[in-house]
Amino acid sequence: MIKYILKRILYLIPVMLLVTLIVFFLMSITKGDPARIVVGESASLEEVEAMRESMGLNDPFFVRYLRYVRDLFLHGDLGTSYKSGLPVMKEIMSALPSTIKLSLAAIIIAILVGIPIGIISATKQYSFFDNFTMILGLIGISMPIFWLGLLLILLFSVRLGWFPPSGLTSFRHVILPAFALGTQSIAVFARMTRSSMLEVIRQDYIRTVRAKGQKESRITLDHVLRNALVPIVTVVGIQFGNLLGGAVLCETIFSINGVGRLMVDAIKQRDFPVVQGGVLFISLAFCLINLIIDIAYAFLDPKIKSQYK
Amino acid sequence: MNQKKEKRYSLTRETFTRLMKNRLAMFGLFILCVLVITAIFADQIAPYSYDQMDLLNAYKAPCKGHIFGTDEFGRDIFSRVVYGSRISLKVGFIAVSIAVVAGGLLGAVAGYYGGWTDNLIMRAMDVIMSIPATLLAISIAAALGAGLTNLMIATGIASIPTYARIVRASVLGIKEQEFVEAARAVGTRDFTILCKHILPNCLAPIIVQATLGVAFAILTAAGLSFIGLGIEPPTPEWGAMLSNARSYIRDYSYMCLFPGLAIALTIFSLNVLGDGLRDALDPKLRQ
Amino acid sequence: MKRYLALLLSVVMILSLGITAYADNDKDKDVLRVAANAEASTLDPSQTTDASSQQIFNNIFETLVYEDENQNIVGKLAESYEQVDDTTYVFHLRQGIMFTNGEELKASDVVFTYTRNADSPKVASYFRDVESVTATGDYEVEIKLTQPSAPFLTGLTFASNAIVNEKAITEAGDNAGTQPVGTGPYKLQSWNKGVKLTLERNEEYWGEKPVFRTVEVVAVPESTNRTIELESGNVDIALEIPETDHNRVRETEGLQLLEQPARATTLLGMNCSKAPLDDVRVRQAISHALDIPTIVKAIKGDAVQVAYSEISSQMKYYKEETDSHVYDVEKAKELLKEAGYEDGFEISVLCDEKKENLDIATIVQQLLQQVGIKVKINTMEFATMCSEAYAGNSELFIVGWGSGTMDPDTVLFSCFHSSNAVEGGNNWARFVNPECDALLEKSRVVFDDAERGEVYAEIQDLLAEECPWINIWERKYFVGIGGNVESMVMDPNSCYSYYKVK
């Protein structure tokens, strides 16, 4: 098991290297002159040229890339923001807590609401509740987060004044953005829980258990849910990844200074080191979450555990 | 040979019959048809041009002449939403076509040849997939610059790995089957085998994924426009319209109601249709 | 029960009386909460000229001289100054002023600051004529110029040219941007980047102490959200209130909308080095094809005034060119015909993502279509757009241009002198006109107020005729206040002085 985990972590290194290569490449073909951004808008041509030379921007692509990777691995240095002059690591670290807070809150809301709905729907298949929540779920999946966010602000901040529309400084602040971000996941979890439970319910051994006279609630929780958990956990992992992407939009709408917003601003300002650092960070988080999910499988399903060697 | 064709035909018909029974999916299909018709006949349907301004009639709430109201320049929102369907459908379908063709080929090659080719391609896909798709699309869009074409390329590239994986999995399942072996034995060229025998047989999962993929592409493109990395004015892209309307959300909330509703409805119809197709095509759930 | 209630009531009353009495005795207030539109990028004055940073370090640092209400330059950290001859200035510093790190302000700090700024790309232009800065005593600084420069002194009032402490900057090294040490009424308490910036009162401040003990600034980029924050009482001050919310703030009880004209205008510029814009008739035609007052009204309502000059009416030597906006489509078509562009042409307009600028571009696109000119809108983030324009790649461009000081030289010389019509130069319009050059050069060496005014009037007349810019509106700052804020004094640079808030 430990060997498997180590292997997976080691595998992450080349993957992350290639991710940096992709992003580095994308940024290098992006229009805009970093040297101009550093020296300021009104600097003369000579100043820009001197800065370009001192930043090493005149070097060939691979030289620049290797330098970047070297700094990253030897010093954990992601470079310096063109815009603020601060180390990118520092910028990301100061934005990270907000993004973590937001996505965790969203995923927790989604799990707490989505999975129970799925369980009830599965046990009462084709009931009014089932039909109603499943259509609601489809609507939830189809809601663009940036529209939902606007509607939530319109209703709860503007009309009712219950929650503040921006920032992330207190518990009350977290609710609207987390809900906006989590809505899609609620729907996905409810649907996934329902369908994977239904699949288990059809199996023979459940019939056996039921024949043995077990209480229905015990059957649902002990047998059905436990066996249906693997696909649900997978979806939680996938959804977390989508959430990290969605956070970019969510943070923009709710004026939250998280990594997503940092990156959008950086992209617009051609602050390439920040974009590279941000993508690297989010991708790493994404991969680690998937790794954790894979490990979680093992504990949920002994059959899979035996495969990890 | 003949028998196989017939079997495929009847399978298609069976699938379609099953799909017809799914009311929600049919509703999705219906909405989608309406959208496509709207997009094709936008010139006839829209009462105004999408960029025709009337500064004196700005900020008009929905009324008789302007059923969705007018925006900050007095442009008719209904007309803009109608023309917007063109943009969104175009982005959705072309982006997915790019992804299906590129991803499908990569996946087919990977699955068919196996070995290091497979390894190389799929590891590359792993790398791309380790960047959340929305994020990747944003980075590509930033690199290419604003504009409709670039938006389609960006969203298209970001979803290549999904199709590569699906096609590869199907190819792996099919390539050992007898009719492929037979074709190989007669000396048919690899490319022909891939195109004629293998790819048509993994159409089902691709169709399902592509339907959902169009939804993803439209959503991503609208999201990109929303944060200002998409299309320049006066193009009536729904995401861009929403982004604009956001400044007026308090006084003229109808301005962000209709473009949002249009996006949601489109995504909804694609999702239910995709779901329905999956159920109809998946023999496991047949009943 | 009743008795308890009475007792409770009286206790409450005594308490509240006590509190009000205390508040009356001591005007101090606790926290001032501000919603800004953007976060500061750095708190090292020399490293930025962006308004969001300036509005913070403007409260931490002070300049040598400042501009008073009557547009006179008077001493601040300098008790007095004198101009010895055309190219020599002597400043006498106040004694006993302490930086927040315990160091006393000495002439050496001034020398250090100005020498450093002369090398800083962001502010070097203010020191372009400086030959030497020398400390002629502990509290005396002498500045020699290479040539007479009328705008030099006003440059020192610019917030980014505030005086820093040599020791603090040297010690902070790379962290100078986050560890500001100034002489001002506030000092930095904490800066949780992306969340909140907190200033605390500098209890050792040499001048009048501010009313609020601490100032908390949060960045809320979404303009609508800033208003909502103000209305719901989450903040006391909201900067940059959008036009759509003006009436709402005005009409809400307990809130006030303050306005301050800025020294800046928003304009549509034309690159005169590119065909067909190199033909003055084409530029005039475009000017006639645009109904500027209507555009202003459509986008800004009655919130701002139409601009009638390249410089704002808040600047010295402003002249209103009343004839510069004549909407006449027929005339425009005629001029185009004369210039040989009867069938119109295609052209691009460069602008940033700010909604109001994009709005201008959208309407301009529509209006120019009437005279056969097809406009492609090219939006970019501000900095990228600037680098395009500095490189001379733009055709039409929409930008807000203003000055950190009241002297028109900062706008007119840098935007219309041929020496700046080079890559990296501020002359985005690439306007080259010998007559204009001569006038601009003259304006720098004429020190007599009336005479200088005449030169500038001539320049503005010439620009109105040649039309490298179409001036659109005069910019204004709108700030909403509420909560326990009674008044706030603003200045035309939008460098908000939180220490003056009461």
**Report entry** Matching residues in the stretch A:130-140 - criterion: being open to solvent by less than 30 Å² (accessible area, probe 1.4 Å) and at the interface with another protein chain (Cβ under 7 Å from one of its Cβ atoms)
**Finding:** A:LEU138
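Results for (1) within 11 Å of another protein chain (Cβ to nearest Cβ); (2) in a helix (DSSP H, G or I); (3) in contact with a Phe, Trp or Tyr (Cβ under 6 Å, 6 or more places away or on another chain); (4) buried (at least 21 other Cβ atoms within 10 Å of the Cβ), shown as yes or no for each residue.
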| position | (1), (2), (3), (4) |
| --- | --- |
| A:MET93 | yes, yes, no, no |
| A:THR99 | yes, yes, no, yes |
| A:LEU102 | no, yes, no, yes |
| A:PRO116 | no, yes, no, no |
| A:SER121 | no, yes, no, yes |
Requested in this report: Filter the stretch C:62-87 down to residues that are part of a strand (DSSP E or B) and among the acidic types (Asp, Glu), then give me how many there are.
Outcome: 4
Query raised in the report: Can you tell me how many residues in the stretch A:259-290 are under 12 Å from the mean Cα position of the chain (by Cα), buried (at least 24 other Cβ atoms within 10 Å of the Cβ) and more than 7 Å from every other protein chain (Cβ to nearest Cβ)?
Result: 2
Query raised in the report: Under the condition of being closer than 12 Å to B:ILE227 by Cα and more than 7 Å from every other protein chain (Cβ to nearest Cβ), which residue from the stretch A:247-258 is surrounded by the most Cβ atoms within 10 Å (Cβ to Cβ)?
Result: A:CYS250
Query - Out of C:TYR390, C:TYR341, C:TYR308, C:TYR317, sole residue that is closer than 30 Å to A:VAL38 by Cα, aromatic (Phe, Trp, Tyr) and not assigned by TED's automatic domain parsing to the domain that holds C:SER223 - result: C:TYR390
Query raised in the report: Could you say whether any residue in the stretch C:202-215 is in contact with a strand residue (DSSP E or B) (Cβ under 8 Å, 6 or more places away or on another chain), within 14 Å of chain A (Cβ to nearest Cβ) and not basic (Lys, Arg)?
Result: no
Requested in this report: Looking for whichever is over 21 Å from B:PHE216 (Cα atoms) and in contact (Cβ under 8 Å) with a residue 60 or more places away in the chain here; the options are B:GLY69, B:GLY107. Which one fits?
Outcome: B:GLY69
Query raised in the report: Of the residues that sit in the stretch B:169-185 and are without any contact (Cβ under 8 Å) to a residue 40 or more places away in the chain, part of a helix (DSSP H, G or I) and not small (Gly, Ala, Ser), which one is most open to solvent (accessible area, probe 1.4 Å)?
Result: B:GLU178
Report summary line: Within the stretch B:237-284, restricting to residues that are of a type in the set (D, E, K, R) and more than 8 Å from chain A (Cβ to nearest Cβ), the one that is farthest from the chain's Cα centre (by Cα) is B:ASP251
Query raised in the report: List pairs: first in the stretch C:73-102 and in the same structural domain as C:VAL141 (by TED's automatic domain parsing), second of a type in the set (Val, Ile, Thr) and open to solvent by 50 Å² or more (accessible area, probe 1.4 Å), Cβ under 9 Å, 6+ apart or cross-chain?
Result: C:ASP86/C:VAL445; C:THR87/C:THR146; C:VAL90/C:VAL84; C:VAL90/C:THR136
Query raised in the report: How many residues are at pLDDT below 90 and among the basic types (Lys, Arg) when one looks only at the stretch C:91-150?
Result: 2
Query raised in the report: Got a number for residues in the stretch C:170-218 being aromatic (Phe, Trp, Tyr), open to solvent by 40 Å² or more (accessible area, probe 1.4 Å) and more than 23 Å from C:LEU64 (Cβ to Cβ)?
Result: 1
Report task. Scan (1) of a type outside the set (A, V, I, L, M, F, W, C); (2) surrounded by 24 or more Cβ atoms within 10 Å (Cβ to Cβ); (3) without any contact (Cβ under 8 Å) to a residue 24 or more places away in the chain for the single condition B:LYS60 breaks and write down its number. Result -> (2)
Report summary line: Of all helices (runs of 4 or more DSSP H) fully inside the stretch C:349-445, the set with 1 or more residues that are at pLDDT 90 or above, under 30 Å from B:ASP51 (Cβ atoms) and away from chain A (no Cβ under 11 Å) is C:355-369
Report summary line: In the set C:GLY480, C:GLY425, the lone residue that is within 21 Å of the chain's Cα centre (by Cα) and without any contact (Cβ under 8 Å) to a residue 40 or more places away in the chain is C:GLY425
Report task. Of the conditions (1) at pLDDT 85 or above; (2) under 28 Å from B:THR220 (Cα atoms), B:GLN52 clears all except one; give me its number. Result -> (1)
Requested in this report: Give A:ALA187, A:ALA178 a once-over and let me know the one that is touching a Leu at 6+ places or on another chain (Cβ under 8 Å), more than 24 Å from B:VAL272 (Cβ to Cβ), surrounded by 19 or more Cβ atoms within 10 Å (Cβ to Cβ) and more than 14 Å from chain C (Cβ to nearest Cβ).
Outcome: A:ALA178
Query - Where B:ALA95 falls short, out of the listed (1) open to solvent by less than 30 Å² (accessible area, probe 1.4 Å); (2) within 30 Å of B:ILE121 (Cβ to Cβ); (3) modelled with pLDDT under 90 - result: (3)
Query raised in the report: Of the residues that make up the stretch A:196-211, is at least one over 20 Å from the mean Cα position of the chain (by Cα), assigned by TED's automatic domain parsing to the domain that holds A:ALA228 and surrounded by 21 or more Cβ atoms within 10 Å (Cβ to Cβ)?
Result: yes
Report summary line: With criteria (1) in a loop (DSSP other than H, G, I, E, B); (2) facing chain A (nearest Cβ under 8 Å); (3) surrounded by 21 or more Cβ atoms within 10 Å (Cβ to Cβ), B:ILE231 comes up short on (2)
Query raised in the report: Inside the stretch C:474-502, can you point out the residues that are within 28 Å of C:SER309 (Cα to Cα) and of a type outside the set (Ser, Thr, Tyr)?
Result: C:GLU474, C:ARG475, C:LYS476, C:PHE478, C:VAL479, C:VAL489, C:MET490, C:ASP491, C:PRO492, C:ASN493, C:CYS495
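Rundown of residues vs (1) at positive phi; (2) assigned to a loop (DSSP other than H, G, I, E, B), yes/no style:
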| position | (1), (2) |
| --- | --- |
| B:GLY65 | no, yes |
| B:GLY74 | yes, yes |
| B:SER85 | no, no |
| B:LYS90 | no, no |
| B:VAL96 | no, no |
| B:GLY107 | no, no |
| B:ASN119 | no, no |
| B:ARG123 | no, no |
| B:ALA141 | no, no |
Report task. Test B:ILE128 against the criterion of being touching a residue at least 40 places away in the same chain (Cβ under 8 Å) and assigned to a helix (DSSP H, G or I), and give yes or no. Result -> no
Query raised in the report: Among the listed residues C:SER348, C:SER312, C:SER287, which satisfies the condition of being closer than 25 Å to C:TYR477 by Cβ and open to solvent by less than 60 Å² (accessible area, probe 1.4 Å)?
Result: C:SER312
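The values are calculated or read from the model by the stated rules, or taken from the named source; none is laboratory data. These figures come from a predicted structure and were not determined experimentally. Every residue, glycine as well, gets a Cβ built from its backbone with ideal geometry; the counts of neighbours run over all protein chains shown. Side chains are part of the model used for accessible areas, which takes the heavy atoms of the whole protein and leaves out ligands, DNA and RNA. Shrake-Rupley method; radii C 1.70, N 1.55, O 1.52, S 1.80 Å.
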